[in-house]
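Student: Please read through the structure below; I'll follow up with questions.
A short reminder: the numbers here are calculations on the coordinates, not readings from a lab. Here the structure is a predicted model, which means the values were calculated and not measured. In this analysis, Cβ positions are derived from the backbone assuming ideal geometry, glycine residues included, and neighbour counts consider all displayed protein chains.
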Amino acid sequence: MSNTTLISVSELVSHITSPNWVIVDCRFSLDDAGRGRRDYLQSHIPGAVYAHLNENLSGQIVPGKTGRHPLPQPEKFVKTLSNWGIDDDVQVVAYDDKGGAMAAARLWWLLRWLGHDAVAVLNGGWQQWLNNGCPITNKTETREPRVFTPGIRNDLLYSVSGVLDILNDPNYRLLDSRSADRYRGENEMVDPVAGHIPGALSAPFSDNLRSDGLFLSQGELKAHFQKLLGDVPTKRAVFYCGSGVTAAHNLLAVAHAGLGDACLYAGSWSEWITTHDRPIARGSD
């Protein structure tokens with residue numbers, strides 16, 4: 001059976017040499033775009049290839065039009081996945097050092113968007129791997145290329161026009177994955193405009209994690225998101241964040257809770273504010 005949401009350190013250890021498993025190191029820092037690669041070169045999980053958020057997991061930024069991390073072009077990303085040795089028979093495991101919230105969950109969502117469900121995020125990430133005394137290496141890894149065949153699922157994706165269509169519609173739920181203070185517009189240190197999309201509820205991705213960096217239990221996650229969603233079905237829930245990265249952490253948590261697939265507004269806040277004609281709210285809705 002494939003792993004489709006989270007995987008434990010112990011299970012990954014048992015498959016670390018499996019030829020049909022591909023491990024991807026997704027460590028990245030918004031403050032220092034080169035740090036993740038440097039950390040990878042210093043030490044990583046044996047066999048892991050490195051994925052750079054800006055270079056591999058995002059597309060080209062168009063000033064005044066896209067957000068900070070637009071989705072990669074499918075054709076280009078398919079080539080990247082193929083070069084990493086991923087095809088229909090491969091189990092992918094992604095990890096980072098932010099509890100999955102920086103880029104591991106982003107890769108998880110991108111693969112599911114392209115129709116590859118056999119992808120999981122390492123629960124607890126790099127820290128749990130080290131805390132358990134698991135093997136590490138500084139060897140630069142390469143994989144034998146395979147042919148990745150996409151099956152794009154645009155039903156998981158919302159555009160800015162789609163979000164405008166559901167604003168304040170009680171049949172849908174729009175959820176902001178950033179910290180509560182950024183949602184309220186009190187502490188915006190990343191984007192030039194503070195606030196949130198009107199009608200959105202605050203749902204910080206950090207609420208999915210325990211103090212040790214592991215995810216809450218499935219039951220705890222289910223109760224958490226059922227409270228946020230109310231009577232709205234999961235397929236009508238749309239998550240966003242600053243640039244479409246940490247929102248994937250919420251999508252992963254929803255799926256792990258057994259609630260199905262919610263949707264991503266990939267452009268997120270940094271795209272929403274590229275024009276002055278879109279409404280903005282501040283404070284708590």
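Student: Hey, what did the range 139-274 get for relative contact order, percent, Cα under 8 Å, at least 6 apart? Walk me through the intermediate numbers first.
Tutor: Working: 209 pairs, mean separation 39.3, N = 136.
Value for the range 139-274: 29 percent.
Student: Please report, largest first and rounded to whole Å, the three semi-axes of the ellipsoid equivalent to the range 178-268, where each semi-axis is the square root of five times an eigenvalue of the C-alpha gyration tensor.
Tutor: 22, 15, 11
Student: Relative contact order for the chain: what is it in percent, counting Cα pairs under 8 Å that are at least 6 residues apart?
Tutor: 22 percent
Student: For the range 148-162, in order, what is each residue's ³J(HN,Hα) by Karplus, 6.51 cos²θ - 1.76 cosθ + 1.60 with θ = phi - 60°, in whole Hz (x at glycine and Pro)?
Tutor: Couplings: 7, 10, x, x, 4, 10, 6, 5, 8, 10, 10, 9, 4, 5, x Hz.
Student: In whole Hz and in residue order, list the ³J(HN,Hα) couplings for the range 49-65 that follow from phi through the Karplus curve 6.51 cos²θ - 1.76 cosθ + 1.60, θ = phi - 60°; x for Gly and Pro.
Tutor: Working through the residues one at a time gives 8, 9, 10, 8, 4, 6, 8, 10, 9, 9, x, 7, 6, 10, x, x, 10 Hz.
Student: Follow-up question, since we're still on this one. If you take every DSSP beta bridge whose two residues both sit in the chain, what share of them, in percent to the nearest 5, is antiparallel?
Tutor: Of the beta bridges lying entirely in the chain, close to 10 percent run antiparallel.
Student: Report, in whole Å, the centroid distance computed from the Cα atoms of the range 34-84 and the range 127-177.
Tutor: 12 Å
Student: Which of (1) 50, 40, 34; (2) 53, 47, 38; (3) 69, 53, 38 is the computed Cα extents along the principal axes in Å for the structure on display?
Tutor: Comparing each candidate, only (1) matches the computed number.
Student: Roughly what angle does helix 218-229 make with the longest principal axis of the chain, taking Cα atoms, 0 to 90 degrees, to the nearest 10?
Tutor: With both axes taken from Cα atoms, the answer is about 20 degrees.
Student: Where does helix 104-113 land angle-wise versus the long Cα axis of the chain, in degrees 0 to 90, nearest 10?
Tutor: 80 degrees
Student: Using modelled backbone amide H atoms (1.01 Å from N, in-plane), which distant-in-sequence or interchain residues come within less than 5 Å of residue 175's amide H?
Tutor: 201, 238, 239, 240
Student: Kindly rank 52-65, 95-108, 122-135 from highest to lowest mean number of other beta carbons found within 10 Å of each residue.
Tutor: Final packing ranking: 95-108, 122-135, 52-65.
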